[in-house]
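The values are calculated or read from the model by the stated rules, or taken from the named source; none is laboratory data. Predicted, not measured: the structure shown is a model, and the values here were computed from it. Please note: Cβ atoms are built from the backbone with ideal geometry, for glycine as well, and neighbour counts cover all protein chains shown.
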Amino acid sequence: MKKYILKILLLIHFMALCQHWEIGGGLATTNSRNDVSNFNILNSRIGADVFCRYNFNHVWVVRGDAKYLMISGNDTYNSDVISKVRNYGFKTNVFQITANVEYNFLDFRDLKRKVRFSPYLTAGVGVAIFSMQSDFVNPPKLPAYPTIPFGFGVKYMLNKNWNIGAKYECSVLYTDKLDGIDGSNPVKVKPHVRSADLANNDWMHYFGVNISYTFYKIKCPPHHEMLLKQSDVENTK
């Protein structure tokens, strides 16, 4: 029994040494869908993120990241008459922390292969904290709200350690207050002018490019391989 336990422990240890960590960061352009802006390119601003990946294998990856997004909207850019009459604008700074899972479609880290890139899908959960400036005299105080980010991207391995990538992520917010107006204050902007879409929560969009560095763990020491071979020989006796 001890022989099998030793073999299992050695196998787990060898698998752990094959795993690696990856850290990186990037820049992005941001946008949003809310009661003021329905993904208007004129409301685009900038964002940034830092992240840490744990690569279980060439397919499955977990990623933790922290994003800073600048979000804005202004009725000046809207074409409908009601929005122009409302004449409302806002700027919101968002700090978002998320935990995500990634699925790579290709084994792009194998240096023996010609394929050096892979598209991937990502999804996760997170929390967003807001800091706002709006046309309200007293903008609403916004606490942290849960978010569900999901999206897709592509990774390209420059060499064994360095990687570059691009991604699009959309975050669904469990609130309608990204723009400062919701069902609790539907007519505060202008009297008799409806200011909030009560049926929908707000969304954030993140189009980014990034660079990352992969840390590979040291290969198994020779004596570990000898122990594994010895265990195999003893099991055949």
Among the residues of the stretch 158-177, how many are closer than 15 Å to residue 117 by Cβ and among the aromatic types (Phe, Trp, Tyr)?
-> 1
Specify which of the listed residues (45, 113, 86, 109) is within 18 Å of the chain's Cα centre (by Cα) and of a type in the set (Lys, Arg).
-> 45
Tell me, yes or no, whether the stretch 156-164 has at least one residue that is of a type in the set (Phe, Trp, Tyr) and modelled with pLDDT of 85 or more.
-> yes
Residues (touching a strand residue (DSSP E or B) at 6+ places or on another chain (Cβ under 7 Å) and surrounded by fewer than 13 Cβ atoms within 10 Å (Cβ to Cβ)) located in the stretch 106-124 | none
